[in-house]
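What follows is a short report on a single structure.
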Amino acid sequence: MAEVVSMDEIRATAARLDIDLSSVDLDSIRLPPGEDFGVISDDEDLKGEDPLEFEAGFGNIIVVDNLPVVPKEKFDKLEGVIRKIYSQIGVIKEDGLWMPVDPETQKTQGYCFIEYNTPQEAELAKEKTNGYKLDRSHIFAVNMFDDIEKFMKVPDEWAPPETKPYAPGENLQKWLTDEKARDQFVIRAGSDTEVLWNDARQSKPELVYKRSFWTESFVQWSPLGTYLATVHRQGAAVWGGATTFNRLMRYAHPQVKLIDFSPGEKFLVTYSSHEPSNPRDTHRVVINIFDVRTGKVMRDFKGSADEFAIGGTGGVSGVSWPVFRWSGGRDDKYFARIGKNVISVYETETFTLIDKKSIKVENVMDFSWSPTDPILALFAPELGGGNQPARVSLVQIPSKEELRQKNLFSVSDCKMYWQSNGDYLAVKVDRYTKTKKSTYTGFELFRIKERDIPIEVLELENKNDKIISFAWEPKGHRFAVIHGDSPRPDVSFYSMRSGTNTGRVSKLSTIRGKQANALYWSPGGRFIILAGLKGFNGQLEFYNVDELETMATAEHFMATDVEWDPTGRYVVTSVTSVHEMENGFNVWSFNGKLLYRIMKDHFFQFLWRPRPPSFLSPEKEEEIAKNLKKYSKKYEAEDQDVSLQLSEQDREKRKMLKDEWERWVNEWKRLHEEQKLERQMLRDGEASDEEEEYEAKEVEVEELLDVSEEVISFD
Amino acid sequence: MRPILMKGHERPLTFLKYNRDGDLLFSCAKDHTPTVWFADNGERLGTYRGHNGAVWSCDVSRDSTRLITGSADQSAKLWDVQTGSQLFTFNFDSPARSVDFAVGDKLAVITTDPFMGLTSAIHIKRIARDPSDQTGESVAILKGPQGRINRAVWGSLNKTIISGGEDAVIRIWDSETGKLLKESDKEDGHKKPITSLTKSTDGSHFLTGSLDKSAKLWDTRTLTLIKTYVTERPVNAVTMSPLLDHVVLGGGQDASAVTTTDHRAGKFEAKFYDKILQEEIGGVKGHFGPINALAFNPDGKSFSSGGEDGYVRLHHFDPDYFNIKL
């Protein structure tokens, strides 16, 4: 951990040296090259680790071994063959192929050097041709020139690695033991990244840690909230600690673009794509899988972007992220990726394919893991113009046994939605109508935990309704669907259990004409926010699905994102920098009460720190829910104390402000009085100084509008 | 009460000023004719024709006989309020921005913009009692700050001049020697250009509005920061109620940055704040462009706002307004 000099220390030093910091233009200071004045740069050691592109200048040279040993006469022929093989991969430099000849025997020595224009080409050549069979007895052994040097340096005698004494680490889960049971979140605005407590009682956030230029692109929490990952040009880093944020580990991966944690946060997947040297080639993709705690690369994947972009979801735009999807649960045992007609499932014991081969699925388009169990759901569309039906199948890993399969006809697209416990799988199926001109949507609902996995078909009342959004209740048995036409779609709620028959899906309710296009369930279930983002300008409806009633409606103008805190007590709506104005976030209680709002220009990210799942058993949780009154008493008392204290503080503050103001006003009055004469002089003796006092005089004006005389008969 | 919409200008409003009695309202706009209105019912009384450029500000003498205006046509003019005739023209080499009569109306301060290599300057002119004796000579010229000076007013007893402008610094000058007496410091002060500056009625404190989305209240004599009012929009105009402890901030997104999606996006509201507690009380909507000018009637019972949309809106307060409790 390099020493970090804080701004405060800099100021203190400046004060000691009697330098006015504001007069110093820091940007204009140029250090002599190589001079660091003893200050270790944050990144210095990382740079050292980096495999520099032109390490010693030989990074673009490979050594090809196991060539046939030929006499002088055949030299040209062999060279021709080699040149043919290797110029397919990249451009060999002029005089870039050198095959040494033994001066005594005038025979070649069985190896040659090839110099490419770029290290990338050299790397590619090594990968592609290592193990290339020229003939039975000549199998190429290709190495980077630099590697040979490196391996030569390895000492011949094995020395036992030094065992470092165990240093107890910090408690990385300290934040969970907050006395007030608050949650943390990270925000990124401008160049600053801040981690804050959400102190809803005080109606304001409390700063935990703040740092400028903490990350170069974005930040991300690990799935259990232990680490905060930052992304830099040289690689990714994770941060954490008991009270503050220290760098725990770094993962070198030049030009890393995307990162992804495994669900149990044991592994970190990093991704980068590199411009090809030849503009006609596709981008080259490098993916590393790191062990989060040791920082070791467990496995790396390299290849062209095409190889990683196969499958329906990738499309033409490039690689769909995450490339590797992790099997559910926190064991982090399996991960898989989709390829052309295959699903490759790897296991993390050895980081190799299960059974050393991928699962062959003709024309597979999409797959997803159950969030809890090692079960894969696959979708393959129709083949042969509808002769072979499209199908969705569930595959058990590692046995690769098909648990259930469903054939579907005239399908245009399928989307899979798992319920968070892995109890249910909903497959949204878009089918063509008979004319093939339009599509309509239905759902296939799988009950994973029941015997034989029964499947039920659900169609909306109006089959032609467009589905705008679908969401399962977390840990629950209900789901919500937004359907209908865009300006005022309907929202329907369904349950997988109906009162009498537990095996049937039933509709709970439909609310009509809502300005909503996104659904956000509370992580605890029961409550949902129907949000109208983007085109709907940030309409929010807080809905209670148990009671089927709206708790509150609100608006956060231009809101772009909605995020529940991990406990489901609070929810944040934010306007990120996709809009130029209104940037900032609002914190709401679960029932739609606005607690506080913070405006920040150039607001990029808001992320709640996730919490690991509770250790309580379902029975225990139920018991707590039953006796909620008993437990909540303590907290209610605390709440009341805080609110009393707050109103007390508030009163005091107001009184202070009023007093202070009073002092100013009195002072002004005194001075005003003192200067009265002088002022009159300035006005040539005009006495009236009463410019600030006005009297409203009531003036009655009688106006004679008309006079008419009339003789009234008197009887 | 329903606001009175006063349509008399063809271009964005720049400045509003009530006379001391509060019966007349003078408005300046980017069209070339300052206008005078009845402050009670919004009826147009007349215009002052003669400028050949946007008119940036004006001030009226205590006895409501003289009007001074500063214009982008590189001149400041003295007018007879009643007849609308031009009495005198001060010519400069660059646009005149801010004008202000001193106590006693014998002096006026006029600021000029940086223009064609000239730096900005604060000119102090003597105002003759008899217009025929009027000369264009400056008593003093103050120079120094970089960038435009958006507003300069007289301090207490005409001894000082307070200026604020594009460099976000508030300066207090000695009006006789021309020396710089005080500057607001970087910590307390505004972070972006100061757009407006108004004094309290007794001149003891003043309020500045800035594009840094805040307004600040300062003591005139010591330049001590007393209060800060934070809003969500750049502040173009500020004013203070002479009656209650309220301040009003007006502004909104820059006209060029206004989105076309929704009128709410720009927030073209006049925002009321509690002067002491610095808390927002409410807002008055209506303009469909940023608010450029605000003025309180000296009786504190009405105020007017002028917008980029070319309208002046005259608001008489409902009785409820006088009973607002925070």
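At a glance:
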read-out	value
Filtered residues of the stretch B:48-73 (kept if in contact (Cβ under 8 Å) with a residue 24 or more places away in the chain, closer than 23 Å to B:Ala128 by Cβ, in contact with a strand residue (DSSP E or B) (Cβ under 8 Å, 6 or more places away or on another chain) and part of a loop (DSSP other than H, G, I, E, B))	B:Tyr48, B:Gly50, B:His51, B:Ser61, B:Arg62, B:Ser64
Of all residues making up the stretch A:424-458, the number that are assigned to a loop (DSSP other than H, G, I, E, B) and open to solvent by 40 Å² or more (accessible area, probe 1.4 Å)	10
Qualifying residue in the stretch A:403-412 (condition: within 30 Å of the chain's Cα centre (by Cα) and polar (S, T, N, Q))	yes
The one condition in (1) within 13 Å of chain A (Cβ to nearest Cβ); (2) of a type outside the set (Lys, Arg); (3) open to solvent by 10 Å² or more (accessible area, probe 1.4 Å) that B:Phe206 fails to fulfil	(3)
Some residue of the stretch A:241-252 being in contact with a Pro (Cβ under 9 Å, 6 or more places away or on another chain) and open to solvent by 20 Å² or more (accessible area, probe 1.4 Å)	yes
Among the residues listed as B:Thr220, B:Thr228, B:Thr195, B:Thr201, the single one being under 15 Å from the mean Cα position of the chain (by Cα) and surrounded by fewer than 23 Cβ atoms within 10 Å (Cβ to Cβ)	B:Thr201
Test for A:Asn586: is it touching a Lys or Arg at 6+ places or on another chain (Cβ under 7 Å) and surrounded by 14 or more Cβ atoms within 10 Å (Cβ to Cβ)	yes
Single unsatisfied condition, B:Leu45 versus (1) assigned to a strand (DSSP E or B); (2) closer than 25 Å to B:Ser163 by Cα; (3) free of Cβ contacts under 8 Å to residues at least 24 places away in the same chain	(2)
Only one of B:Glu187, B:Glu183 that is under 22 Å from B:Lys159 (Cα atoms), more than 9 Å from chain A (Cβ to nearest Cβ) and open to solvent by 60 Å² or more (accessible area, probe 1.4 Å)	B:Glu183
Residue satisfying all of: in the stretch B:244-260; modelled with pLDDT under 90 and within 12 Å of another protein chain (Cβ to nearest Cβ); surrounded by the most Cβ atoms within 10 Å (Cβ to Cβ) among these	B:Gly252
The one condition in (1) open to solvent by 30 Å² or more (accessible area, probe 1.4 Å); (2) within 23 Å of the chain's Cα centre (by Cα) that A:Gly525 fails to fulfil	(1)
Single residue of the stretch A:472-503 satisfying the filter (more than 20 Å from A:Lys534 (Cα to Cα) and surrounded by fewer than 13 Cβ atoms within 10 Å (Cβ to Cβ)) that is modelled with the highest pLDDT	A:Gly503
Residues of the stretch A:68-88 satisfying the condition of being open to solvent by less than 40 Å² (accessible area, probe 1.4 Å) and either part of a loop (DSSP other than H, G, I, E, B) or of a type in the set (Lys, Arg) (or both)	A:Pro68, A:Val70
Selection within the stretch A:206-228 - closer than 18 Å to A:Arg182 by Cα, of a type in the set (Phe, Trp, Tyr) and buried (at least 19 other Cβ atoms within 10 Å of the Cβ)	A:Trp221, A:Tyr227
Entirely in the stretch B:161-238, the strands (runs of 3 or more DSSP E) that have 3 or more residues that are within 22 Å of A:Leu657 (Cβ to Cβ) and free of Cβ contacts under 8 Å to residues at least 40 places away in the same chain	B:214-219
Residue within the stretch A:531-548 that is within 28 Å of A:Lys406 (Cβ to Cβ), in contact (Cβ under 8 Å) with a residue 12 or more places away in the chain and open to solvent by less than 30 Å² (accessible area, probe 1.4 Å) present	no
Output for the stretch B:93-131, where each listed residue is over 20 Å from B:Asp167 (Cβ atoms), touching a strand residue (DSSP E or B) at 6+ places or on another chain (Cβ under 9 Å) and not basic (Lys, Arg)	B:Asp93, B:Val99, B:Phe101, B:Ala102, B:Val103, B:Asp105, B:Leu107, B:Ala108, B:Ile124, B:Ile127, B:Ala128, B:Pro131
Qualifying strands (runs of 3 or more DSSP E) (wholly inside the stretch A:548-642; at least 3 residues being more than 20 Å from A:Leu176 (Cβ to Cβ))	A:549-555, A:570-575, A:584-589, A:594-599, A:603-608
Filter result for the condition that a residue is assigned to a helix (DSSP H, G or I) and either away from chain B (no Cβ under 14 Å) or modelled with pLDDT of 90 or more (or both), over A:Leu646, A:Leu677	A:Leu646
Residues of the stretch B:62-88 classified as more than 15 Å from the chain's Cα centre (by Cα), open to solvent by less than 40 Å² (accessible area, probe 1.4 Å) and of a type in the set (Ser, Thr, Tyr), total	2
Test result for A:Val256, part of a loop (DSSP other than H, G, I, E, B) and buried (at least 21 other Cβ atoms within 10 Å of the Cβ)	yes
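Each row is one residue, and each column tells you yes or no for (1) open to solvent by less than 40 Å² (accessible area, probe 1.4 Å); (2) within 30 Å of B:Pro234 (Cβ to Cβ); (3) touching a strand residue (DSSP E or B) at 6+ places or on another chain (Cβ under 8 Å).
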site: A:Gly568; (1), (2), (3): yes, no, yes
site: A:Leu595; (1), (2), (3): yes, yes, yes
site: A:Glu621; (1), (2), (3): no, no, no
site: A:Lys629; (1), (2), (3): no, no, no
site: A:Leu657; (1), (2), (3): yes, yes, no
site: A:Glu662; (1), (2), (3): no, no, no
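Yes or no, residue by residue, for (1) crowded, with 20+ Cβ neighbours inside 10 Å; (2) in a loop (DSSP other than H, G, I, E, B); (3) in contact with a Cys (Cβ under 8 Å, 6 or more places away or on another chain):
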| residue | (1), (2), (3) |
| --- | --- |
| B:Arg2 | no, yes, no |
| B:Glu10 | no, yes, no |
| B:Arg20 | no, yes, no |
| B:Cys28 | yes, no, yes |
| B:His32 | yes, yes, no |
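The values are calculated or read from the model by the stated rules, or taken from the named source; none is laboratory data. Computed from a prediction, not measured in an experiment: that's the story for all the values here. Because the Cβ atoms are built from the backbone with ideal geometry, glycine has one as well, and the counts that use them run over all protein chains shown. Surface areas here come from the heavy atoms of the whole protein model, side chains and all, with no ligands, DNA or RNA. Shrake-Rupley method; radii C 1.70, N 1.55, O 1.52, S 1.80 Å.
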